[in-house]
Amino acid sequence: MDTDNHKIIGYGIGADAYITKPFSPAVLCAAVKSHIKRYQDFLETKESSIKLQSGPFVFNLKTYTFYKDDEQIFLSSKELLLMKFFMEHSDQVFSKEQLYQNVWNDFMVDDNTIMVYIRRLRAKIEDDPDKPKYIQTVWGIGYKFATAD
């Protein structure tokens, strides 16, 4: 079998590279370094994909931890779910009903529950909870999470 056929078979069964003999040690080192670099890039991409980032906020989806300006903010389980939902849908307006359905997985809406959780979140993440910058009320409709000024 000739070299091209060996390469084709090798790539066909999943090889990433093919070095023929005799080979130069320098070429082998370069190929190994290239694979290591590609693997490191893959790991960095994978690591960044487990985090939601929006403005000064980071939500780690692996550990379910929430940060503002690199400082961890401790949230209850429902606050974490609500914050995750907001960060996944930045700048979208949601009615109380939609929030209740998506975060509480329930169709029986309790307006007071939503307002209490929004107030608690604002107290924890806003610089001035009385003048919210991030969790904004859209009068007559509901709430939205905004990180742009």
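The values are calculated or read from the model by the stated rules, or taken from the named source; none is laboratory data. All values reported here derive from a predicted model rather than from experimental measurement. Neighbour counts run over all protein chains shown; Cβ positions are idealised from the backbone, glycine included.
Here are the numbers:
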quantity	calculated
Hits in the stretch 98-127 (condition: in contact with a helix residue (DSSP H, G or I) (Cβ under 9 Å, 6 or more places away or on another chain) and not aliphatic (A, V, I, L, M))	Tyr100, Asn102, Trp104, Asp106, Phe107, Asp110, Asp111, Thr113, Tyr117, Arg120, Lys124
Matching option when the condition is on the phi < 0 side of the Ramachandran plot and surrounded by 12 or more Cβ atoms within 10 Å (Cβ to Cβ), among Ser54, Ser77, Ser24	Ser54
Residue list for the stretch 107-137, filter: farther than 16 Å from Glu79 by Cα and more than 25 Å from the chain's Cα centre (by Cα)	Phe107, Met108, Val109, Asp128, Asp130, Lys131
Strands (runs of 3 or more DSSP E) completely within the stretch 56-149 that count 3 or more residues being out of contact with any His (no Cβ under 9 Å at 6 or more places or on another chain)	57-60, 65-68, 71-73, 93-95, 135-138
Number of positions in the stretch 104-148 that are at pLDDT below 90 and in contact with a Leu (Cβ under 7 Å, 6 or more places away or on another chain)	1
